[in-house]
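Structure, as C-alpha cells:
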Amino acid sequence: MAWASAAIAERVSHLLGDSSENVVVISITLMVALLCACMIIGHLLEENKWMNESITSLILGLCTGVVVLAITRSTNSLVLEFDEELFFNYLLPPIIFNAGFQVKKKQFFRNFVAIVLFGVIGVFISFAVIAGGCGLIFPALKVQGLEIRDYLALGVIFSATDSVCTLQVLSQDDTPLLYSLVFGEGVVNDATSVVLFRAVESINLVEIDVFTILEVLGEFVYLYFTSTLMGIAVGLASAYIIKKLYFGRHSTDREIAIMILMAYFSYMIAELLYLSGILTVFFCGIVMSHYTWHNVTESSKVTTRHMFATLSFIAETFIFLYVGMDALDLDKWSRSDVTVATSAGLSATLVALVLIGRAAFVFPLSAFANLISRAPDTKISIRQQLIIWWAGLMRGAVSIALAYNKFTAISSINATMITSTIIVVLFSTVVFGLLTKPLVLWLLPPHLRSTDDSEPSSPKESDFYPDIQVPLLVNGEPNGAALMQNNASRQVGPVTSLRMLLRARSSSVHHFWRRFDDAYMRPVFGGRGFVPTIHEVSSEAALEAAQH
C-alpha cells in the first residue's frame, strides 16, 4: 500500500513538473474534482449558519495547494497561478449577468439612489482613506520602493468589495432591502473600482490640476452612461430578435444559444470599447429578464433560468478555489524579502484601513439617503447600516486581479504587495464571511425583518409551478380571459386585492414607467403578456407518427 502511494505520488509529481500538455490535463482534472467536492461539502453544510460555499471553497483550495506542493516537493507551483484575464473574461461575466437576471428589479430601482451613493461616492471616500493611510503608515513600517501612483492603486484595490461572496451570505428573500443595497453596491463598486484603477494608471501626476480632475470625473460619467446604455441596447436587441424571428418554432436550442451568446457579447463588446463590462452585462441581464425571457418557449424559460444560475454558481465556486490555491504559490512569497513582523504589520494596517474607509462612507451616506428618501420602507435603520458596513468588508478576486495587474514587475516590493493582498483577502473572506450570517441573525431576528413578498425574484418563480397560477396582466389590469385556476378550483388572491395593489402609489415613478412600458416597449420587444404559440409535439406522439 505504501509502495503504491509512493508510486502514485512520484507519477503525479513527474506530470506536474512536466511542461507538456499533461499539466493542462492535470489542472483541469484537479479543478473538476475539487468543484465536485465543494458541491458535496456545501450540500452537507447547507444548514450551518457559519459556513458557506465561498469559505468552503477557499479552505479546500488552500488544503489542495498544500497537497500539491507536498507532492511536487515545492518544485513547481505553476498549476496554482492566478490569471486575471481568465477571471475578468470568463468567470466574472456569468456571475454578474445572473445577478441582473435574477435580481428583484422593483427593489433594486427603489433603492437605486442609495446604491449609487454607496457604489460611486463611497468608493471615492474609501479610496481617499486607504490611499492616504497607506501613504502615511507604510513609510513608518520601513516599506521602501512605493510611489504616489502605487499608493493610489492600493486605495483602489482595497476599495473593491467582493460582490460574489455577498450573494452567499445574504438572502434576497429574507432580507430584500439589505441584499439589494449590498449587492447592488457591490456591482456598481466593482465597475467604479475598475474604471478608477484605469484612471489612476493613465493620469499624469506631474501635471495634475483642477481641469485634470474634472476630466477624470467627466470620463466617469461618460463610462457609466455609455456602459449602461450598451447593456440596455444589447438586451433589447436580443428581445426583438427572438420575438420577431421566434427561433422556438424550429428549435429551442437556438433561442437558448442566442440568449447566452448575446449576454456574453454585451460584456465583450463593452470591454472592446473600453467601457465597463460589469455594468453592461448587469443591465443586459435586467433587460433580458424583463423582455427576452418572456419571448421564449416554456421549456426554454426553465432551461435558461437554471442554466444561468448553474453557470454562475460554478464560476463562483471556481473563483474561490482558484484564489485559495494561488495563495500557496511559493514564487511570490520567496521574492518578498520583508520580515514576518513587517508583513503582519502591513496586512493589519490594510485591514484596519478597510474597516475605517468603509465606515467613513456607509454611515454618513446612509443618513443622507434617509434624508432624501420619502418612502418609509426604504429607510435604512442603524442595525441595517451595521450589517451593510460589515457585509461589504470582504475583499475577493477583483482585488487580487487588480493587484496582479498593477504589481506585475518582478521585484521585492511588488511581491510584498501581492502577498499582502492575498492575506487581506483570505482574512476578510474567512473572518468577516463567517461572522456575517450570525450578525444578521443577531441584529435582525426574523420578527424584525420586513420582507417584501409582493415581488418574487425575476424571472418569476411562479411561472415554473403550474399548481399556482397567477393572473395575466394586460396594460396593468387583470385579463379576465387569462385568469387560470389550479385544477379548476384554486385561484391566487381575490381580484379586488390585486387591483388595490396595482393602484397603490399611482403617482410614483414606477407607475409612469409601467404605463410607458405597456404602451410602447412591450408591443415592440415583448415581455410579460407575450405568449409565443407553438405546437410542440410530444416525444410519444412523434414516435407514433414515425412508426406510421
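Mind counting lysine pairs for me in segment 39-449? Cα separation below 26 Å, and the two need to be 8 or more apart along the chain or on different chains.
Lysine pairs satisfying the spacing and distance rule in segment 39-449 number 21.
Provide the per-residue ³J(HN,Hα) series for segment 404-421, in order, calculated from phi with Karplus coefficients 6.51, -1.76, 1.60 and θ = phi - 60°, each as a whole number of Hz, with x at glycine and proline positions.
Taking θ as phi minus 60°, the curve returns 5, 5, 7, 9, 8, 5, 7, 8, 5, 5, 5, 5, 5, 5, 5, 5, 5, 4 Hz for segment 404-421.
Ordered by residue, what ³J(HN,Hα) values in Hz, to whole numbers, does segment 226-236 give under the Karplus form 6.51 cos²θ - 1.76 cosθ + 1.60, where θ = phi - 60° and Gly and Pro are x?
5, 5, 5, 4, 5, x, 5, 5, 5, x, 5
So, counting K/R as plus one and D/E as minus one, what does the shell of residues with Cβ under 13 Å around F88 add up to?
-4
For L435 and A233 in one chain, what is 0.36 nm times their gap in residues minus the Cα-Cα distance, to one decimal in nm?
Net length gain for the segment: 68.7 nm.
Considering only protein heavy atoms, what per residue accessible area in square angstrom results for segment 39-449 with a 1.4 angstrom probe?
Solvent-accessible surface per residue comes out at 40 Å².
Checking the a/c ratio against 1.5 first, then a/b against b/c, what shape does the Cα gyration tensor give for segment 148-249?
Since a/c reaches 1.5 but b/c is at least a/b, the shape of segment 148-249 is classed as oblate.
Under 1.5 on a/c is rounded, so check that first for segment 83-140, then, if it is not, pick prolate when a/b is larger than b/c and oblate when it is not; a ≥ b ≥ c are the square roots of the alpha carbon gyration tensor eigenvalues.
oblate
Once phi is turned into θ = phi - 60°, what whole-Hz ³J(HN,Hα) does the Karplus curve with 6.51, -1.76 and 1.60 give for every residue of segment 132-141, x standing for Gly and Pro?
x, x, 4, x, 8, 8, 4, x, 5, 8
Using per-residue counts of other Cβ atoms within 10 Å, averaged over each peptide, order 387-400, 190-203, 328-341 from highest down.
Put in order of decreasing packing, that is 387-400, 190-203, 328-341.
Which length gain, in nm to one decimal place, applies between I208 and A348 when the Cα-Cα distance is subtracted from 0.36 nm times their residue separation?
47.2 nm
Note down the relative contact order for segment 39-449 as a percent, whole number, built from C-alpha pairs under 8 angstrom at least six residues apart.
Relative contact order comes out at 31 percent.
What shape does segment 39-449 have by the C-alpha gyration tensor, where a ≥ b ≥ c are the square roots of the eigenvalues, rounded means a/c under 1.5, and otherwise prolate means a/b greater than b/c and oblate the rest?
rounded
The values are calculated or read from the model by the stated rules, or taken from the named source; none is laboratory data. Since the model is a prediction, treat every value here as computed from it, not as a measurement. As a convention, Cβ positions derive from the backbone with ideal geometry for all residues, glycine included, and neighbour counts pool all protein chains shown. Note: areas computed on protein heavy atoms with side chains; ligands, DNA, RNA excluded. Shrake-Rupley method; radii C 1.70, N 1.55, O 1.52, S 1.80 Å.
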